[in-house]
Amino acid sequence: MRISVIGTGYLGATHAACMAELGFEVLGVDIDPGKIEALANGVLPFHEPGLPELLRKHVASGRLRFTTSLEEAGAWADLHFIGVGTPQRAGEHAADLSFVDAAVRSLAESITKDALIVGKSTVPVGTARRLRELIDRHADPSLRVGLAWNPEFLREGFAVRDTLSPDRLVFGVDSAEDEDLLRAVYADALAADTPLIVTDFETAELVKVAANAFLATKISFINAFSEITETVGGDIRTLADAIGYDARIGRRFLNAGVGFGGGCLPKDIRALQARASELGLDRTMRFLSEMDLINLRRRDRVVHLAETMLGPLLGKKVAVLGVAFKPDSDDVRDSPALDIAVRLFNSGADVAVYDPQGNANAAKRFPRLGYVDSLETAVTDADLVLLLTEWSEFRRLKPADIVHLTEGRRIIDGRNVLDTAEWEDAGWDFAALGKRFIPAGDLAEAFAE
């Protein structure tokens, strides 16, 4: 079976390399000649652990090729995965489906033999039914061109593992023949007893957005409680541990911090709200709006803590550790860390940014921040240190590592990964989201009384 992957961004490039690893001949297709040239030379335009090695391996073997020609793909491949982007429409919450529509229409017009088109892009419910009609209008009527929906569940930083060894597979199909083709593609995963859900188009489309909405709900829930513990006292991490022992709840995604970001969760929950509204179900997903607001208030809280610690920010040096939305990624789309850094800069602070992978992408979006190439450079002469992305390098940070470099002993742990007592015992003003902040001087006075 020959496979094409239409769209070679994060999803498409990962899927193409992993399909080659599974033994298939694969053709990656994109309209961007520069991206295609880079991939054909084994160069990945983003950071994802393990993927560069896989890409180079299969480009060298000849099993993985790249092209800008949909006509070539349509004549060559038996199965076509659609992995193009579905960004948020400018000025709206709804998803922009123009890339999906264009790819499917052009592909349908280019296919010259029986084939199956498989959607992997995250789309609003109802999209597959509409695309089925689009294919029927533009494909050669003498050919059988099927459609299936196979949502992706990739976690940035773990995308190769999630593709080759998924925790579940979902096939949205309308024929047994199309199901059989997908079973052949994922034969290795199915042989390893990966759970498989075979369903209709609508359920398959909803699975991905439902999963993202649920994860965003858990994150927002614990961040809402962190607003309470910041006011009245208490330990948000202990609270999360305690409720996480309940098997009905679970501990994962109950980490209070600066909130969620990236290219999926924020846009997907907004697109879900927009689609529900289109269906006349405005109240059904209204709670997602409040989640969005909770998420944004966490950013406000960090800026407020910085102002509480430093007073007016004008002329103060602030070291920002991490601007990617999560560790093991260079993705800064809708990153709360980058947004906080920009807010501090706009308030007059001298912001020094260090992220092991995210600096270059952040600099493309906000070039006026001060980007440096090491943690030590970032914190040198800093009046305040902010930990905003929980890279392992930052999680291991100790007071003794930087006390001789900083101008002031002040730190905000935006991800709740540092040992509070260790930093306070070393004489630092230490603030963490979900913890009531008491300046070190006030704490000493309270004990003296």
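The values are calculated or read from the model by the stated rules, or taken from the named source; none is laboratory data. Keep in mind that this is a model prediction, so the values were computed, not measured. Counting neighbours? That spans all protein chains shown, and the Cβs are built from the backbone with ideal geometry, glycine included. To get the accessible areas, we keep the full protein, side chains included, count just its heavy atoms, and leave off ligands, DNA and RNA. Shrake-Rupley method; radii C 1.70, N 1.55, O 1.52, S 1.80 Å.
Selection of the range 128-149 for residues being of a type in the set (Val, Ile, Thr) and farther than 18 Å from residue 98 by Cα yields only 145. Taking the condition hydroxyl-bearing (Ser, Thr, Tyr), within 14 Å of residue 256 (Cβ to Cβ) and at pLDDT 95 or above, does residue 194 pass? Criteria not met by residue 194. Of the residues making up the range 233-264, those that are in contact (Cβ under 8 Å) with a residue 60 or more places away in the chain, assigned to a helix (DSSP H, G or I) and open to solvent by less than 30 Å² (accessible area, probe 1.4 Å) number 1. Contact map, the range 206-219: residues that are within 14 Å of residue 288 (Cβ to Cβ) paired with residues that are open to solvent by less than 20 Å² (accessible area, probe 1.4 Å) and in a helix (DSSP H, G or I), Cβ distance under 7 Å, separation 6+ or inter-chain. Pairs shown: 209/268; 212/268; 212/269; 213/269; 213/288; 216/269; 216/291; 217/291.
Looking only at residues of the range 384-411 that are acidic (Asp, Glu) and more than 13 Å from residue 323 (Cβ to Cβ), we find that the one that is most open to solvent (accessible area, probe 1.4 Å) is 407. Here the strands (runs of 3 or more DSSP E) wholly within the range 1-117 that include at least 2 residues being over 24 Å from residue 190 (Cα atoms) are 25-29, 64-67. Residues that are surrounded by 20 or more Cβ atoms within 10 Å (Cβ to Cβ) and of a type in the set (Asp, Glu) were ranked within the range 338-375; the one that is farthest from residue 392 (Cα to Cα) is 339.
A count restricted to the range 118-136 and to residues that are surrounded by fewer than 21 Cβ atoms within 10 Å (Cβ to Cβ), at negative phi and outside any helix (DSSP H, G or I) stands at 1. For the range 183-199, a tally of residues being open to solvent by less than 50 Å² (accessible area, probe 1.4 Å) and farther than 22 Å from residue 3 by Cβ returns 1.
Within the range 144-177, if we keep just the residues that are outside any strand (DSSP E or B) and among the aromatic types (Phe, Trp, Tyr), the residue that is most open to solvent (accessible area, probe 1.4 Å) turns out to be 158. Does residue 315 satisfy the criteria of being on the phi > 0 side of the Ramachandran plot and surrounded by 23 or more Cβ atoms within 10 Å (Cβ to Cβ)? So residue 315 does not fit the description; no. Pairs meeting the criteria (first residue in the range 366-383 and in contact (Cβ under 8 Å) with a residue 12 or more places away in the chain and over 12 Å from residue 320 (Cα atoms), second residue outside any loop (DSSP other than H, G, I, E, B) and open to solvent by less than 30 Å² (accessible area, probe 1.4 Å), beta carbons under 6 Å, at least 6 apart or on different chains) are 366/342. Taking the condition of a type in the set (S, T, N, Q), open to solvent by 30 Å² or more (accessible area, probe 1.4 Å) and either touching a residue at least 40 places away in the same chain (Cβ under 8 Å) or touching a Ser or Thr at 6+ places or on another chain (Cβ under 6 Å) (or both), does residue 308 pass? Answer is yes for this residue. Being under 25 Å from residue 206 (Cβ atoms) and of a type in the set (A, V, I, L, M, F, W, C) is the filter; apply it to the range 134-149 and report the residue that is nearest to the chain's Cα centre (by Cα). Of everything passing the filter in the range 134-149, 149 is nearest to the chain's Cα centre (by Cα). Can you find a residue that is on the phi < 0 side of the Ramachandran plot, open to solvent by less than 30 Å² (accessible area, probe 1.4 Å) and hydroxyl-bearing (Ser, Thr, Tyr) anywhere in the range 7-27? Yes, the range 7-27 contains at least one residue that is on the phi < 0 side of the Ramachandran plot, open to solvent by less than 30 Å² (accessible area, probe 1.4 Å) and hydroxyl-bearing (Ser, Thr, Tyr).
When we screen 227, 202 for residues that are closer than 18 Å to residue 304 by Cβ, at pLDDT 95 or above, open to solvent by 20 Å² or more (accessible area, probe 1.4 Å) and not β-branched (Val, Ile, Thr), the only hit is 227.
Within the range 18-47, being touching a residue at least 60 places away in the same chain (Cβ under 8 Å) and within 19 Å of residue 120 (Cα to Cα) holds for 18, 19, 21, 22, 24. Has the range 37-53 got at least one residue that is in contact with a strand residue (DSSP E or B) (Cβ under 6 Å, 6 or more places away or on another chain), over 25 Å from residue 364 (Cβ atoms) and crowded, with 16+ Cβ neighbours inside 10 Å? Within the range 37-53, not a single residue is in contact with a strand residue (DSSP E or B) (Cβ under 6 Å, 6 or more places away or on another chain), over 25 Å from residue 364 (Cβ atoms) and crowded, with 16+ Cβ neighbours inside 10 Å.
Residue check: is residue 328 touching a residue at least 60 places away in the same chain (Cβ under 8 Å), part of a loop (DSSP other than H, G, I, E, B) and open to solvent by 50 Å² or more (accessible area, probe 1.4 Å)? Here the answer is yes, as residue 328 does meet what is asked. Look at the range 126-139: where a residue is touching a residue at least 60 places away in the same chain (Cβ under 8 Å) and a partner is among the hydrophobic types (A, V, I, L, M, F, W, C) and not in a helix (DSSP H, G or I), sitting 6+ places away or on another chain with Cβ atoms under 8 Å, you get 127/97; 128/147; 128/149; 132/147.
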